[in-house]
Every structure is written in structure tokens, then in C-alpha cells.
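To start, the structure itself, in C-alpha cells.
The values are calculated or read from the model by the stated rules, or taken from the named source; none is laboratory data. Values in this document were obtained by computation on a predicted structure and should not be read as measured data. Positions of Cβ are generated from backbone atoms using ideal geometry, with glycine treated the same way; all protein chains shown enter the neighbour counts.
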Amino acid sequence: MDRFESILDESISALQAGVPIEEILAEAPDYAQELRPLLYAAMVLADPNPVLVPEERKEALRTQYLTQAAALPPVTPTFSDKMQAVVHIVQRRLTRGALLNDLVTVSLTVALTLVMTALIVSFAARDSLPGDLLYSAKRISENIRLSLTFDNQQQAALENAFNHERISEIEQLIQLDRTAIVQFKGVLDTKGENLWVIEGLTVFLPEDGLVIQGDPQEGDMVDVIGFLETNNVLIADTIIREPNSP
Amino acid sequence: MADEPSLLERIKRHDQQALAEVHDRYFNQIYHYINYRLGDSDTAADLAGEVFLALINALKNGKPPKTSLSGWLYAVARNLTADHIRQKVITVPLIEDLEAETPSLTDQIYIAQLTPTLKQAILELTDEQQHVIALRFGQGLSLTDTAEIMEKSVGAVKALQHRALASLARLMPLEVHQDG
């Protein structure tokens, strides 16, 4: 019976959508005999051209209704009314559309918060030195700026500015007599036996553990990783000749 | 336009703007429902007016609709219509202008046979069956909307619709069935 009731309802929907009865019956041949009189009845029962109430009559009834409505005393909402209103609001918030809106709002808020936090940290880290808590944030911020710069000339200028910033950081560390692991790029000015001068900085080459790659010569651009000691001695750990060095 | 639950909450507070919105939104539907069942547009307009005045009285007496506003309005319309049918002999109207449906010639002949029979047969239906017929075919409401207004399950309305149409078919002359 449930099966027939479903077929009947589907047939009625098709009928209301304008599908001819014979076409509907052809779709359900096993039930056609039983469906036919019901669908004819449904067709006759349909009211495609409902009579409209005259506007002046409707307006008169509306006026009568609103006059009586105006006489209703005002109602102060009770605690229960307020609770019900809250429940209705919550129920409306639990719909799929509302949840989607909430998700978008939360995502945008989180994204905005992250961007704002990144900007604030980047601003606070701009004067940090190697060994400081925010120094990593400063380097990440520089890498992001480099990766977001697509013009080759601008990128080279930015890299040059960052190299100068590294040298400046080391000079500040020396003035402050602080120890730190440092990294910088610069031109190999003088190449002594144990002491090299790179970009004006004197770099000590230890006998053990030093890595030198690319056989750098004076005038070459090199990448240096080293350790700055408190006695202002910069001990090299790795010196690599830049591949595009002249 | 406010949704029905918030409209209901506002009319419970006697919000005049919400009360006006209720009339503007539901009057035509209620009028069509009553007119479908009575076939008397004058009486239908009067009774539709009474439905909305009943809403004002319910609010005045502190007995507003609890869950479904449209369900409450249709329930009052149904009771007023049933009362009116009990008091008077009603000729149930069915559409006169079938050209709008553009049925085939066979359909037209069948419908022509069926219409006067149905007019009598529909009066034999229970009030609940007439109610579901008026909502589904007079108002053109979906099964889900009809179920919501009648505060029944979709399955129950489906069964009720089937029984109503089957009763109409049974009440028709035998030769009409055989012609199909």
C-alpha cells in the first residue's frame, strides 16, 4: 500500500506539473488501472484559476482586522518569552546556511587575526639581532618579501639590502659584545692563511671542522656561516663560494 | 519578509506591524481555501475575515497559536467552513474551465462524465478528507506543506490523500471506472 501511495503522489505531482495522464500511466503500467480514476479525480479537483477576492472587499476586511488589532493591549515579554526567542534564534543559527555563514565568518576572522599577528610580530622583530627571540620572525618576514617579489631587479635589490642588514647586525653584536651564530654574504676582500677579510669583517678560519666549498678567491662573493665570540672574534664554520660569483 | 516563527513571536507581543503582515501574507491563501470548499466567493470572503478576527480574539484571550501560525489559520478556516457546510446545503464547486489544463479529447470526455459525479461524491468525504483535498488540489500545496499545516506526518497525509481519492472513485458510477 505504501508503494502505491508513493506512486500516486508522484503521479499527482506530475499531473500538477502538466504531464498528460496517458504519459503518467505509461510510466506505471502495473498500477495504471487503479491509478486512472484517481488521477482523473485529481485533475477535476485541481483549481487552476482561483477566484480573487475584490480588492475593495479585501481592504475593508483588512481595515476591520487592523482596527481590532490596534485595540489589543501592549504585551511586556515575560522571562519565558525571552527564553523562547533565544531558542528560536539558536534554532535558526543551526540551519545549514547559517552554519555555512558562521564557518565563513570564523575562517575570515581567523585569517585576518593571523595576518594582523604576523604584521605585528614582523614590525616588532625588525630591530632584532641574531640570538633574539624574534630574530626568526625577522628572517621569515624577509623570505616572504623575497618570494612575493617577482621582478628580478627588485628581488636583487632586496637581497642586497638584506645582506647589508646582516653585516649591520654583526657590527651591532660586536658593539654589544654578544655571542651569536651569524650568517652573511659578502665579497672576499683578503685571503690570508688563517684570517680572511670578507665584506670588511675579519673572519678566523679554525683548523678543525671548517668547511670551504668552491675554492673561493679574492673578489668572489661568498656565503659565510660562523660563530661570533665575545672577544669580537668571528670564527667561520662554513664558507661557500656563490655559484654566480665573478 | 520575516519567517513564520519570528512572525508568530511578534504577534504574541501584539506587534501591530507583524499583525498587518500576517493579514497581507495569509489572507489570499485562506480565502482561496474556503472558496474552494464552498464555491461561494462572498461567503468565503466573510469567513476569511472571521478567521483573522479569530486570531485577534485568541491573542486578546491569551491563547495564541502555539507552533504553526499558518497551521492555526487553516485549522480555524477548516472549522468555520465545516460549520457553514453543516448549516447549509452546499454544492461543491469544481473547475468549470477545464481548457486551462488542455486535456486530451479522451480526458475531456472522461472529465465531463466525472465532474457532476464528483460534485456529489466530494460531499460524502469526511471533513478531514475534504481538508486534505482542498489543501493539495485547491491550494496546490506540496505534501510536506500539507503535512505541516495538518500537523501530521507526510506518510499520514499520503494515506489520507489516497483514501480521499479512492473514496471519490468508489462513489462514482461503475461504468466510469470501466471506461478507463
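For segment B:1-25, enumerate the residues that are facing another protein chain (nearest Cβ under 7 Å), surrounded by fewer than 18 Cβ atoms within 10 Å (Cβ to Cβ) and of a type in the set (A, V, I, L, M, F, W, C).
Passing the criteria: only B:A20.
Just for segment B:101-126: of the residues that are under 16 Å from B:L165 (Cβ atoms) and exposed (fewer than 15 other Cβ atoms within 10 Å of the Cβ), which one is modelled with the lowest pLDDT?
Narrowing segment B:101-126 to residues under 16 Å from B:L165 (Cβ atoms): B:110-111, B:114-115, B:117-126.
Then drop every residue that is not exposed (fewer than 15 other Cβ atoms within 10 Å of the Cβ), which leaves B:120, B:123-124, B:126.
Working: B:Q120: 69, B:L123: 76, B:E124: 81, B:T126: 88.
Selected residue: B:Q120.
Would a scan of segment A:23-35 turn up a residue that is at positive phi and surrounded by fewer than 17 Cβ atoms within 10 Å (Cβ to Cβ)?
no
Could you check, for segment B:60-72, whether at least one of its residues is free of Cβ contacts under 8 Å to residues at least 12 places away in the same chain and assigned to a helix (DSSP H, G or I)?
Checked against the condition, which is being free of Cβ contacts under 8 Å to residues at least 12 places away in the same chain and assigned to a helix (DSSP H, G or I), segment B:60-72 yields at least one hit.
Has segment A:123-131 got at least one residue that is in contact with a strand residue (DSSP E or B) (Cβ under 6 Å, 6 or more places away or on another chain) and surrounded by 12 or more Cβ atoms within 10 Å (Cβ to Cβ)?
Taking segment A:123-131 and keeping what is in contact with a strand residue (DSSP E or B) (Cβ under 6 Å, 6 or more places away or on another chain), we get A:130-131.
Now restrict to residues that are surrounded by 12 or more Cβ atoms within 10 Å (Cβ to Cβ): A:130-131.
Scanning segment A:123-131 turns up at least one residue that is in contact with a strand residue (DSSP E or B) (Cβ under 6 Å, 6 or more places away or on another chain) and surrounded by 12 or more Cβ atoms within 10 Å (Cβ to Cβ).
Could you look through segment A:215-239, keep only residues that are surrounded by 14 or more Cβ atoms within 10 Å (Cβ to Cβ) and small (G, A, S), and pick out the one that is nearest to A:S168 (Cα to Cα)?
Within segment A:215-239, the match that is nearest to A:S168 (Cα to Cα) is A:G226.
Keeping to segment B:26-63, report how many residues are under 16 Å from the mean Cα position of the chain (by Cα) and more than 8 Å from every other protein chain (Cβ to nearest Cβ).
Number satisfying all stated conditions: 14.
Quick grid of which residues meet (1) modelled with pLDDT of 90 or more; (2) aromatic (F, W, Y); (3) surrounded by fewer than 14 Cβ atoms within 10 Å (Cβ to Cβ):
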position	(1), (2), (3)
A:I140	no, no, no
A:V182	yes, no, no
A:L188	yes, no, no
A:Q213	no, no, yes
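Would you point out which residue out of A:P29, A:P74, A:P50 is more than 51 Å from the chain's Cα centre (by Cα) and under 28 Å from B:F27 (Cβ atoms)? Steps first, please.
Numbers: A:P29 fails: under 28 Å from B:F27 (Cβ atoms); A:P74 fails: more than 51 Å from the chain's Cα centre (by Cα).
When all the criteria are applied, what remains is A:P50.
Looking only at segment A:161-201, which residues are among the β-branched types (V, I, T), over 38 Å from the mean Cα position of the chain (by Cα) and closer than 16 Å to A:D237 by Cα?
Quick first cut of segment A:161-201, residues among the β-branched types (V, I, T) only: A:167, A:170, A:174, A:179, A:181-182, A:187, A:190, A:197-198.
Narrowing the set further to residues that are over 38 Å from the mean Cα position of the chain (by Cα) leaves A:174, A:179, A:187, A:190, A:197-198.
Once the filter is applied, which keeps residues that are among the β-branched types (V, I, T), over 38 Å from the mean Cα position of the chain (by Cα) and closer than 16 Å to A:D237 by Cα, segment A:161-201 yields A:T179, A:V197, A:I198.
Pairs needed: first member in segment A:174-189, over 16 Å from A:N160 (Cβ atoms); second member anywhere, surrounded by fewer than 19 Cβ atoms within 10 Å (Cβ to Cβ) and hydroxyl-bearing (S, T, Y); C-beta distance under 6 Å; at least 6 residues apart or different chains.
A:D177/A:T230; A:T179/A:T230
If you take just the strands (runs of 3 or more DSSP E) that sit entirely in segment A:142-204, which of them hold at least 2 residues that are charged (D, E, K, R) and touching a strand residue (DSSP E or B) at 6+ places or on another chain (Cβ under 8 Å)? Explain how you work it out, then say what you get.
Values: elements: A:180-191, A:195-198, A:201-204.
Per the criteria, A:180-191.
Right, A:E169: modelled with pLDDT of 90 or more and touching a helix residue (DSSP H, G or I) at 6+ places or on another chain (Cβ under 9 Å) or not? Give the steps one after another, and end with the answer.
Numbers: modelled with pLDDT of 90 or more: yes; touching a helix residue (DSSP H, G or I) at 6+ places or on another chain (Cβ under 9 Å): yes.
Yes; evaluated as a whole, the condition is true for this residue.
Here is a yes/no grid of residues against (1) of a type in the set (A, V, I, L, M); (2) crowded, with 21+ Cβ neighbours inside 10 Å:
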site	(1), (2)
B:G49	no, yes
B:F52	no, yes
B:A58	yes, no
B:P65	no, no
B:S68	no, no
B:G71	no, no
B:N79	no, no
B:A82	yes, no
B:R86	no, no
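Applying the selection to segment B:1-55, what residues are of a type in the set (F, W, Y) and under 30 Å from A:S80 (Cβ atoms)? Give the derivation first.
Step one: of segment B:1-55, the residues of a type in the set (F, W, Y) are B:26-27, B:31, B:33, B:36, B:52.
If the condition is that a residue be of a type in the set (F, W, Y) and under 30 Å from A:S80 (Cβ atoms), then B:Y26, B:F52 are the ones that fit.
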